[in-house]
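Reading through the structure tokens given below for one structure.
Bear in mind these aren't lab numbers, they're just calculated from the coordinates by the rules spelled out. As the structure is a prediction and not an experimental result, all values here were calculated from the model. Neighbour counts are summed over all protein chains in view; Cβ atoms, including those assigned to glycine, are modelled from backbone coordinates with ideal geometry.
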Amino acid sequence: MQSKKSDSSLAEAFDATDLPSGAGTLSYSNLPPGRFRFGSLKANLPLPILFALLIPLSMFVESDVVGDYYRRIIILAGFNIILAVSLQLINGFSGQFSLGHAGFMAVGAYLAAYPAMNYSQHFADPFACLLFYAAVAIVFVVAGTVLFAAFLLIRWTRKLYQALPMILLIAMLIWAMFDFARASAVTVGNPPKYYIWWHGADSLVRLFAWVTTHGRDAAAHLSAALPTGMVEPLSFIVLVLGSGACAGAVGLVVGMPALRLRGDYLAIATLGFAEIIKIIIRNSEPLGGALGLVGIPKYTNFAWLYGAALVTIVVIWRIAYSPRGRAIMAVREDEIAAAAIGIDPTRQKVTAFITGAFFGGVAGAMFAMHEHSITPESFGMAKSIEVVVMVTLGGLGSISGAILAAIVLTILPEFLRNLSPTLADFRMVIYSALLIVMMLLRPQGLLGGREIWPWRRFRNPDPVPTEDRDDYQGSDETKPD
Amino acid sequence: MQEFLQQLINGLSVGSIYALIAVGYTMVYGVLQLINFAHGDVFMVGAIIAFFVGTRALPITFPLWLHVAILLGIALGLTIPLLLGYSRRDVLRSVRPFVILYLAMIALEAIISLFSRSRHVSVSSWLMAALAMVMAVAACGAVGYVIERLAYRPLRSKPRINSLITAIGISLLLEFGGQNSAVFGPTPQAFPNQMVPGINEHWRVLGVIISKGDVLVLAITLALMVILSYIVLKTKTGLALRAVSLRFDTAALMGINIDRIISFTFVLGSALAAVAGVLYSEKYPSVQPLMGLLPGIKAFVAAVFGGIGNITGAVVGGMILGLVEVLVVGYLPGGSQYRDGVAFVILIVILLVKPSGLFGKHAVEKV
């Protein structure tokens, strides 16, 4: 990389002060280093007002004025807002078309429901939940390190022979499958020593059990020391954030390989990952298998849900319309050009992906603790597609559009159901036909990359994806690399 | 060993069904660089049409709504393109096969009602099976044409992400439309596969049980592949198709009518999907509106595995996928639970290690 001085000639052309410049040094602010700027009062004023508004609003929604039916629709709209806004960061801002958001939601839901049922003792033990996530993190890091090292080793064999990594990888997968299957079928509990994969998985499970059993008493003591009023909300927050972090970690695992692909391939790969997550959950005994988990304690209510939605919106708005968001959008516009001015495309894409996955997991956790039971089928392809439809209808690259579309598309099927009984049968048909008509007549979505309140937006008044511009010639080399 | 051979035949027949669907994906991708998400649902439409033909309508008459629907389709197919400004000759020429097909349908009805005495009973006859197949192929060809015409052609100059969304929309429309109780209803129904004579019988060769159904599937696939390769390699349309998939705009400069070739690709691919749908539901006799999802995605995996855009690759990929799936189910204890996961694992491994697939060319992106 060049020095700062040669960058300065580019600064005017690219507004480079906001973009990462130079090797390793990121200057995300146009202020001199060392000074931290709080957001301007005008920009931040709506937030406390909105949070304060939640309390009377929740009192209204929880009261008898709003019936159960309407309350349920409002709550569903809340989940959809979180999902749509978080997917907007992935699909709209970073331009990576992900079709697997329900997979992250499933991870969040199951990894919140399981400790909520088995560890939290009806939200009385926040530190036990924390312990659960710590144990998950330890297992994740250990397994991840081993697998990553193996992957690097296998990749190195490409130098010996071009196709060797593929052969080795497939051989390893087949070996692992047979190993697991034989070990679990022949000798339950005590298989012979040479079943390497089985033993690897077994020791991971034992590590997890060891951490949770040995830390449980300490966790209970710590929780007992907390003031009683704090215990329940704290458990809930730990559960939501912990399962969100788990979903983020899964997002990392999915994103690292999948983000090398582009366009349709990425869509299919993420869909595949989401299906694999679903199949794993369906076959795992502690998570209830195909029957799902029943009897999850309920805690999510209007205030918590819409509070989380607000936080999601604020965080993603701040990311999207910050210099980092500009870097993310630069990658969406043109990966090669972005790389040429010093943006690491993979890093930006993975950041967006992990953030989106995190909030997807948060939505899932809230969903699990709102419903009495969850099954793997509630996080299928249909759910992913529903969220993608929301994002696209709202307009790719528009947070307010995603919110609007999430609300409209939650209400629309119910509205059609209430309109007339004959229409009720056709409501999903109308819904999908509407999607097609919308795409044909207004392909850029409801808001088309704009925001309703464009404050703190770019100096560039109208960020339009390159492919949408009138003078876009189209690229011939659209095949994957 | 005998068991292995049996599994092999089973795997090949499953694989050939995947191959038939995958060819449609790969051809459309070849000409448009677009994943036709609705392709799996076209497969479902084929199966459902064959179900209707096999159970409700025949052997006496087709139901009234079918006549109405087809006539309406022909009428719309005549008027809408004319209103949109296509020349009368082109319109007439493109509608002609459907008119001929409808006339053939009426003729068949007459013949069957002359020779048949039973009403609403699924009889075992090759004529019935062939009729179901022909009807499914015709209907799906029409569906494929309409999908391309209404949903993809207006968006061809727009970013591909929009086409992807409309494709998803079409897919949802077909699924929800099928789930509507006025059309099919959400519950799975038994496919009348006994209309193919001897479908449930089997031969015993050297101790290996060979199901007649599997042989039928393999034979039909083989025949279709021969026909397909003849079309693609020897006919003028096939030459145009290859030219369009090689380079879109240059093909247009050479005087090729791109719209026609793309429509042809969609019709051809959808027809193959219809055959696959009928064969699949003869093999696994249960029909429902969501049945196209998984086979569709698996066939897509097969197409990617073989190198998308490459027809040979799609066939080979489909066969390998079918084999692997059947072997996993057959030889892994508890493997049947992971049956649907196999395809996704293969997909992800392939995308990571060799995204261009087995036969695909490595395309380097230029600035």
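Given R₀ = 41 Å, FRET efficiency for residue B:223-residue B:257 by Cβ-Cβ distance, to 0.05?
So, using R0 = 41 Å, E works out to roughly 0.90.
Peptides B:307-313, A:69-75: what's the order by average Cβ count within 10 Å, highest mean first?
B:307-313, A:69-75
Given R₀ = 56 Å, FRET efficiency for residue A:158-residue A:134 by Cβ-Cβ distance, to 0.05?
Rounded to the nearest 0.05, the efficiency is 0.90.
Each residue of the stretch A:409-418 in order: what ³J(HN,Hα) in whole Hz does its phi give by Karplus 6.51 cos²θ - 1.76 cosθ + 1.60, θ = phi - 60°, with x for Gly and Pro?
Karplus values, whole Hz, x for Gly and Pro: 6, 6, 7, 3, x, 5, 4, 5, 5, 7.
Can you list residues whose amide H is under 5 Å from residue B:202's amide H, if they're 5+ apart or on another chain and H is modeled 1.01 Å from N?
When sequence neighbours closer than 5 places are left aside, the close amide H contacts are B:212.
Going by amide H atoms built from the backbone, whose H comes under 5 Å of the H on residue A:398, apart from near neighbours?
The list, which skips near neighbours in sequence, is A:449.
Provide B:287, B:267, A:314, B:205 in ascending order of the number of other Cβ atoms located within 10 Å of each residue's Cβ, fewest first.
By the 10 Å Cβ count, ascending: B:205, A:314, B:267, B:287.
Send over the semi-axes of the stretch A:39-143's equivalent ellipsoid, whole angstrom and largest first, taken as the square roots of 5 times the C-alpha gyration tensor eigenvalues.
Whole-Å semi-axes of the equivalent ellipsoid: 29, 23, 18.
PRE reach from residue B:86 (point 7 Å along Cα→Cβ): which of the stretch B:128-148 fall under 19 Å by backbone N?
Those under the cut-off are B:138-148.
So, in Å, what gap is there between the alpha-carbon centers of the stretch A:386-444 and the stretch A:310-373?
24 Å
In the stretch A:215-269, if every C-alpha pair distance is counted and binned at 5 Å from zero, what percent goes to each bin?
4, 16, 14, 15, 11, 9, 8, 7, 7, 7, 1
Add +1 for every Lys or Arg and -1 for every Asp or Glu among the other residues with Cβ under 14 Å from the Cβ of residue A:440, and state the total.
+4
In chain B, which whole DSSP H runs stretch at least 24 Å along their own axis (Cα) and average -0.5 or higher on the Kyte-Doolittle scale?
Helices meeting the criterion: B:2-32, B:64-83, B:88-115, B:126-147, B:160-179, B:212-234, B:258-283, B:311-331.
Express in nm, to one decimal, how much length is gained between residue A:71 and residue A:174 on full extension, taking 0.36 nm for each residue of separation and deducting their alpha carbon distance.
Answer, rounded to one decimal: 32.1 nm.
With a cut-off of 8 Å between alpha carbons and a minimum separation of six or more residues, what is the relative contact order of chain B in percent?
36 percent
Of A:199, A:372, B:39, how do they rank once you tally other Cβ atoms within 10 Å and put the fewest first?
Placing the least packed residue first, the sequence is A:372, A:199, B:39.
What does the net charge come to around residue A:225 if you take all other residues with beta carbon closer than 14 Å to its beta carbon, with K and R at +1 and D and E at -1?
So the environment of residue A:225 carries a net charge of -2.
Quick query: amide H of residue B:359 versus all other amide H atoms, modeled in the peptide plane; which residues come in under 5 Å with a sequence gap of 5 or more or a different chain?
So residue B:359 has HN proximity to B:307.
Quote the relative contact order of the stretch A:329-431 in percent (integer), defining contacts as alpha-carbon pairs under 8 Å separated by 6+ residues.
10 percent
Report D for the protein assembly as shown in µm² per second (integer): Stokes-Einstein, Kirkwood Rh on Cα pairs, 25 °C, 0.890 mPa s.
Estimated via Stokes-Einstein, D reaches 84 µm²/s.
Hey, with R₀ at 25 Å, roughly what FRET efficiency would residue A:411 and residue A:57 work out to, going by the Cβ-Cβ distance, to 0.05?
0.90
Would you mind giving the mean number of other chain beta-carbons within 10 Å of the Cβ of each residue in A:432-443, as a whole number?
6
Under the 0.36 nm per residue contour assumption, what length would be gained going from the current alpha-carbon distance of residue B:249 and residue B:71 to full extension?
Length gained, residue B:249 through residue B:71: 60.5 nm.
For B:26, A:157, what ranking results if the residue with the fewest other Cβ atoms within 10 Å of its Cβ goes first?
Exposure proxy ranking, most exposed first: A:157, B:26.
On a full-extension model of 0.36 nm per residue, what is the gain between residue A:322 and residue A:145, subtracting their alpha-carbon distance, rounded to one decimal in nm?
Extra length available between residue A:322 and residue A:145 comes to 60.4 nm.
Which whole number gives the average, over all residues in B:167-180, of C-beta atoms from other chains lying within 10 Å of the residue C-beta?
6
Quick one: net charge of residue A:135's neighbours, Cβ under 14 Å, K/R +1, D/E -1?
Net local charge, residue A:135 excluded: +2.
Considering only Cα-Cα distances, which of the following residue pairs are longer than 29 Å: A:278/A:349; A:278/B:354; B:212/B:298; A:193/B:354?
A:193/B:354
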